[in-house]
Amino acid sequence: MADRLVGVDVGGTKVALGVLEGTTLSDERVEPTELGSEDALLDQLERMIRAEGAVDAVGIAVPSVVDFATGTARFSVRIPLAGVPLREILRARLDVPVFVDNDATCAGLAEAYDDDRRLVAHHLVIFTVGTGVGGGIIIDGRIYRGATGAAAELGHIVIGADLTGGAPPPGEKPPYTGTLEALCHGPALNALAVERGFVSGKAAVEAAQDDDAAGVAVVEVIAERLGLGIASVINLFDPELVVIGGGVSEAGELLRGPAERVARQYILPGVGTRTQITLARYRNEAGVRGAALLAGQEKAAEEGRDAREGAML
């Protein structure tokens, strides 16, 4: 019998949860995120997971820099989890294996597999472009986390810094001036759109989709900046697949096309010869799906380690 794996995607406005059983992902259950306190959010997560009945493992995707070993958010965006050992607390409360990772990283894991949980890209990099710019790296079908679990903060690649005034200016908080996130995220799109006469970034994207030249030009600027970041990761990792997800990716080919054009201009000749640059397939479902896949992978790895250690005794 297939494991029942819960995937939870915790965001600044909503918590989405689904159950992956075999190759079937249930419909998502969504609630507004409890932002009043860490205890309120922990209680919400426990309640939502318990409502699914008996499960074998839980994966949780959070918009945070995560210490994977303890499931603790070292730095958290928009949710009250900084410094909270989420994995340890929920494992104790639920008495099932719990695993926590960055939300963009989980989205990347989802994109590396198809609906039948078959690996379709051994080496993948994802950019999630929305309120911020997140990233994930998949190598041989597994998440690459670096030495401490904090790898793949791709939004903080520097693509346009001016060092004459200091780097970064004193007192500046992330995203730092000149980083991919500062130049490409939703607020940057909004600011550029307003500067060019639109009421919002969404309005500029909608105009671009109707072939409005001014709207196309706004999206193209954001896309070209993203292309510089894409070129950097292709030069670093030579992946099979670079995926563009997040809310800004709703611009579709208007974003992907110019981003690829600029990326190809900055890739070293001979690198990226097999790399495809695509839009995300799973879109809003990617966080939940990826979190459930995370639970399955890490539960199996944990059981394998326990079996090896038992054989050595």
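List of remarks:
- Members of region 188-236 found to be surrounded by fewer than 17 Cβ atoms within 10 Å (Cβ to Cβ) and in contact (Cβ under 8 Å) with a residue 40 or more places away in the chain, listed by number: 209
- Which numbered condition residue 26 fails, given (1) touching a helix residue (DSSP H, G or I) at 6+ places or on another chain (Cβ under 7 Å); (2) without any contact (Cβ under 8 Å) to a residue 12 or more places away in the chain: (1)
- Flag for residue 145 being farther than 19 Å from residue 63 by Cβ and either within 17 Å of the chain's Cα centre (by Cα) or free of Cβ contacts under 8 Å to residues at least 40 places away in the same chain (or both): no
- Number of positions in region 191-214 that are among the hydroxyl-bearing types (Ser, Thr, Tyr) and touching a Leu at 6+ places or on another chain (Cβ under 8 Å): 0
- Selection from region 237-279 of residues that are among the small types (Gly, Ala, Ser), free of Cβ contacts under 8 Å to residues at least 40 places away in the same chain, touching a helix residue (DSSP H, G or I) at 6+ places or on another chain (Cβ under 8 Å) and not in a helix (DSSP H, G or I): 272
- Candidates 283, 274 - the one that is among the basic types (Lys, Arg) and over 21 Å from residue 132 (Cβ atoms): 274
- Region 152-236 holds helices (runs of 4 or more DSSP H) entirely within its bounds, and those carrying 1 or more residues that are at pLDDT 95 or above and of a type outside the set (D, E, K, R) map to 186-195, 201-209.
- Listed by first and then second residue, the pairs with beta-carbon distance under 8 Å, at least 6 apart or on different chains, first residue in region 83-102 and among the small types (Gly, Ala, Ser), second buried (at least 18 other Cβ atoms within 10 Å of the Cβ), are 83/72; 83/73.
The values are calculated or read from the model by the stated rules, or taken from the named source; none is laboratory data. These numbers were taken from a predicted model, which means no experiment stands behind them. Note that each Cβ is placed from the backbone with ideal geometry, even for glycine, and that neighbours are counted across all protein chains shown.
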